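Only one structure is covered here, and it is reproduced in the block below.
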Amino acid sequence: MSTTQSERLRGLLEPLVAARDLDLEEIEVTPAGKRRVLRIVVDSDEGVQLDECAELSREASQVLDDSDAMGGAPYTLEVTSPGADRPLTELRHYRRAVGRLIKAQLHEGGELVARIIALDDAGLDLEVPGVKGRKPTARRLSFDEIAKARVELEFNRKADKSDKRDAQHDEKTDENKEEA
């Protein structure tokens with residue numbers, strides 16, 4: 001996609017996205033046979049619901065039809081949220097990943113897998129999991145040290161102590177309801 005087309009599309013679509021309190025993460029035009037696919041990627045701190053994508057798609061379609069930003073060739077419009085494997089490149093991406101496990105490639109070499117505990121404008125406070133029964137350790141990592149990072153998907157995350165207490169409380173509440 002040419003820079004001019006990208007700028008025109010961003011200029012048309014950004015106000016629609018911002019009006020819904022969403023962030024315009026990416027605009028991508030790719031060939032698909034005789035057609036093209038215009039993919040608009042949006043996100044927010046609360047996530048993006050399917051209904052929001054559908055409504056934004058209808059509005060964007062109307063705005064694009066009323067302009068000549070896509071030219072005369074046919075295209076398919078997709079409005080979506082970023083996938084789980086999206087790279088963390090902006091402060092807001094890291095903020096949305098607090099509490100999650102990330103894998104970071106470091107500029108000085110090597111990689112680090114750790115959970116984001118907190119962050120500020122300069123970097124991340126991490127909890128590095130312990131290995132072979134050792135306790136987790138805290139680590140501070142500045143954004144300047146990170147070459148690239150992604151959220152690591154966790155399929156079997158172990159509950160921490162507060163999660164276990166909440167589960168026990170829920171079980172006792174259920175037992176009390178059954179007795180009543």
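Tabulated data for the structure shown
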item: Mean projected area (nm²) of the alpha-carbon convex hull when the chain is viewed from all directions; result: 16.3 nm²
item: Leading residue at positive end of dipole, the chain (Cβ point charges), from VAL37, ALA73, VAL151; result: VAL151
item: Residue-averaged [θ]222 nm for the chain, counting only DSSP H segments that reach four residues, each worth -39500 (n - 2.57); result: -10500 deg cm²/dmol
item: Lysine pair count for the chain [Cα-Cα under 23 Å; pairs on different chains or 8 or more apart]; result: 14
item: Principal axis dimensions, the stretch 1-107 - Cα atoms, whole angstrom, descending; result: 45, 30, 22
item: Carbon and sulfur %, accessible surface of the stretch 1-87 computed with the full protein complex present, 1.4 Å; result: 47 percent
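The values are calculated or read from the model by the stated rules, or taken from the named source; none is laboratory data. The model shown is predicted, which means the values in this text are computed figures rather than measured ones. Positions of Cβ are backbone-derived with ideal geometry, glycine not excepted, and every protein chain shown enters the neighbour counts. Surface accessibility is based on the protein's heavy atoms, side chains included, excluding ligands, DNA and RNA. Shrake-Rupley method; radii C 1.70, N 1.55, O 1.52, S 1.80 Å.
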